[in-house]
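Only the coordinates and a few stated rules stand behind these numbers; no lab work does. Given the structure is predicted, the values throughout are model-derived calculations rather than measurements. Methodologically, a virtual Cβ is constructed for each residue, glycine included, from the backbone with ideal geometry; neighbour enumeration extends over all protein chains shown.
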């Protein structure tokens, strides 16, 4: 077994285009995989452990990601990934999952925007400016180097100015900073939310312009949209069946079905669309495999678990 740590993954210098392509590849092959719904355990209101298994026969891999959240821990979210050889059943690697989680989540959000937003989108609202937002921003802007974009930032704890200053190198991007959700969301072609906590809906129905796409990375704050948006797309329908208004979605399909041409995506420039990318371990496990391949034997840390080699009796 190999241990692949956080810094070793970062040192690979994987480009944003590669993350984007890995997401697309896995969406194309989603129906060939085995993907049960994630198991979420919550010992208290704000602490959780999510267990996310999957098997991907096409690539001879299986795996499981475990994500935990402790509000007072730094970082609050932490994750690890176990990667298995499907044919042989042996554990290939234990990987730190934090960078993988951030980049696959950002790549999935960026992919949904490219797939489902209006063709000439120009104005993007961003609520929550942590690592997931940063990953989404980098991948999306790198994908649209020739498009003039206005990024409307919701200012929380004065983080918006720091975000804008850090990414001022992108000359095709103009930042605007607001202190209310109404101002950030109103008039935006795309709304991206990466917050992990919200007391209720961010704003009333009239704030969402015709043709807007909402990408709630962590799902909170948009229950009113469930009731009046024209279409809802999910990365996996089983993952959204527990939503309060699941039975009231006007139209529902999986994003992978749009990618493979089985279901219609955006029909016109007026449809309001929700893209619920809850997070499926297919991306995590596939990313882990690609990283395992890239890292090279010279940089892998071999660890022997001393598991039994033959039948044993207690």
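Computing Rg and the Kirkwood Rh from the Cα coordinates of the stretch 237-314 gives a ratio, Rg/Rh, of 1.23.
If neighbour count is taken as other Cβ atoms inside 10 Å, put 22, 313 in order from fewest to most. All intermediate terms of the calculation are to be shown ahead of the outcome.
Details: 22 20, 313 3.
With the sparsest Cβ surroundings first, the list reads 313, 22.
Computed over the Cα atoms of the stretch 82-123, pair by distinct pair, the Kirkwood hydrodynamic radius stands at 13.0 angstrom. Here the gap between residue 245 and residue 260, fully extended at 0.36 nm per residue and compared with their Cα-Cα distance, gives a gain of 2.7 nm. A simple packing score, the average count of other Cβ atoms within 10 Å per residue, orders the peptides 153-160, 278-285 as 278-285, 153-160, with the highest score first.
Separation of the stretch 33-84 and the stretch 215-243, taken as the distance between their Cα centroids, equals 20 angstrom.
Overall size of the stretch 180-241 from C-alpha positions, given as principal axis extents largest first: 33, 25, 17 Å. One equal scatterer on each Cα of the chain, no solvent, Debye formula: the resulting log10 I(q)/I(0) at q = 0.09, 0.11, 0.14 Å⁻¹ is -0.47, -0.69, -1.12. Using every pair of distinct Cα positions in the stretch 54-154, the Kirkwood expression returns a hydrodynamic radius of 15.9 angstrom. Eigenvalues of the alpha-carbon gyration tensor of the stretch 1-100, scaled by 5 and square-rooted, set the equivalent ellipsoid semi-axes at 23, 18, 15 angstrom, largest first.
Under conditions of 20 °C and 1.002 mPa s, the stretch 107-276 yields 133 µm² s⁻¹ as its translational diffusion coefficient, taking Rh as the Kirkwood radius over Cα pairs in the Stokes-Einstein equation.
Taking only Cα atoms and a 10 Å spring cutoff, compute GNM fluctuations for the chain and point out the largest among 83, 252, 12. Among 83, 252, 12, the largest mean-square fluctuation in the Gaussian network model of the chain belongs to 12. The distance from the alpha carbon centre of the stretch 165-212 to that of the stretch 248-297 is 22 Å, rounded to a whole number. Have a look at the DSSP beta bridges in the chain and tell me what percent are antiparallel, nearest 5. Of the beta bridges lying entirely in the chain, close to 50 percent run antiparallel. Per residue, the chain reaches -8500 deg cm²/dmol at 222 nm when only DSSP H runs of four or more residues are counted, each adding -39500 (n - 2.57). Pick from 303, 232, 191: which is most flexible by mean-square fluctuation in a GNM of the chain where alpha carbon atoms under 10 Å apart are linked? Between 303, 232, 191, it is 303 that shows the largest mean-square fluctuation.
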